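Derivation of every value follows stated rules applied to the coordinates shown; laboratory data play no part. Not measured: the values here are computed from a predicted model. Here the Cβ positions follow ideal geometry from the backbone for every residue, glycine too, while neighbour counts run over all protein chains shown.
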Amino acid sequence: MSVSFLVLLLGLLFHNGKAKVESQGCHSPDVERTAEEVLQQINQDRTDGYILTLNRLYDLSKSILQKKKSGSVYNLTIDVLETKCHSISKKPWKQCEVRGLGDIPVYGECQASVQVDAQVKLESYSCALREVAATAIVHVCPDCPTADNLNEPVIKETAKLALQKFNKESHLANYFALGNITKASLQWVVGPSYFVEFTVLETECSKETDFSELTHCQPMNCQFAVKQHHHNHTHLHHHEHVHSVTQGSDVTVSNPKGLLGRIVFEPATPRSAPTASSCPGARRHNLGLRSPLL
């Protein structure tokens, strides 16, 4: 499934209720750099889901701040695609591989506002994502995996077996507990093969802890993103490891989730044609699907 993600950056900053609006083309190098930085800041703001990559600048408008404030406010519409990097990795989106047809791709829209002066500052955003329909994937790739329900018992069992293998084969000293199952898919060849992606939490218990005591292990302030495959047995793939600041008894760590905006999954809705000249811009990725959104 493929996801192309659309980010709509909306919003005007007004000084004394006045702002000058200008429209520019989507091929402006300065505007493209602004869109790239905006997407980077959106990804940095998130703590769940997957990092998004820029596919196309779809539309924009520009407001010139007047009087005491300097700079501009951009309203951008950006098509984006989901990558294979989990948000907890905090990797730059340009370093992340875009999900292909066999990786459950996703696409969507975002609304946000960004102020540009000496620096680019994301003010707010609101994004909607959705998976590409399985019928669209199967039409061009009949053997590709299709998305499965994260709550299916077989998916939970696959994640459990994968986690057991992860703990057994990892060279790390502590035991890891399951965090969240983030993606699941099914591929039928000779028999069913299940693919799961999930996060795991490092606990305070060593790997030598008795099995009966593992349910009492408290998580550390540390998180992994893991991708596993289960087909009669589990194969270990890759993982991303992220340590955050160790939390002491006298330290308060705020939750950064959703400081500037939110991302939700919902069906696609029709969108209006671009209002700016020379928009939309060129797509950077082609998933090979017959869809005007991709």
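What is the extension gain from residue 171 to residue 117, computed as 0.36 nm multiplied by their sequence separation minus the C-alpha to C-alpha distance, in nm to one decimal? Taking 0.36 nm per residue and subtracting the Cα distance, the gain is 14.7 nm. Taking amide H as placed 1.01 Å from N in the peptide plane, residue 47 has its amide H under 5 Å from the amide H of 258, each at least 5 places away in sequence or on another chain.
The simple spin-label model puts a point 7 Å past each Cα toward its Cβ; for residue 210 and residue 91 those points are separated by 4.1 nm.
Which ordering of 263, 78 is given by a fewest-first count of other beta-carbon atoms within 10 Å?
Working: 263 21, 78 30.
In increasing order of surrounding Cβ atoms, one gets 263, 78.
When 107, 175 are sorted by how many other C-beta atoms sit within 10 angstrom of their C-beta, beginning with the fewest, the order is 175, 107. Here the 3J(HN,Hα) profile of the range 45-50, calculated from phi with Karplus coefficients 6.51, -1.76 and 1.60 at θ = phi - 60°, is 6, 8, 10, 9, x, 10 Hz, Gly and Pro shown as x.
What's the exposure ranking of 86, 216, going from fewest to most Cβ atoms within 10 Å?
Sorted ascending by nearby Cβ count, the order is 216, 86.
For the range 111-121, 3J(HN,Hα) computed residue by residue from phi via the Karplus equation (6.51, -1.76, 1.60; θ = phi - 60°) reads 10, 7, 10, 9, 9, 10, 9, 6, 10, 9, 10 Hz, glycine and proline entered as x.
When the pairs 156/183; 62/121; 62/84; 91/207 are compared against a 21 Å limit on Cα-Cα distance, 62/84; 91/207 fall above it.
Within 12 Å, Cβ to Cβ, of residue 113, how many net charges do the neighbouring residues add up to if Lys/Arg are +1 and Asp/Glu are -1?
Here the charged neighbours net out to +1.
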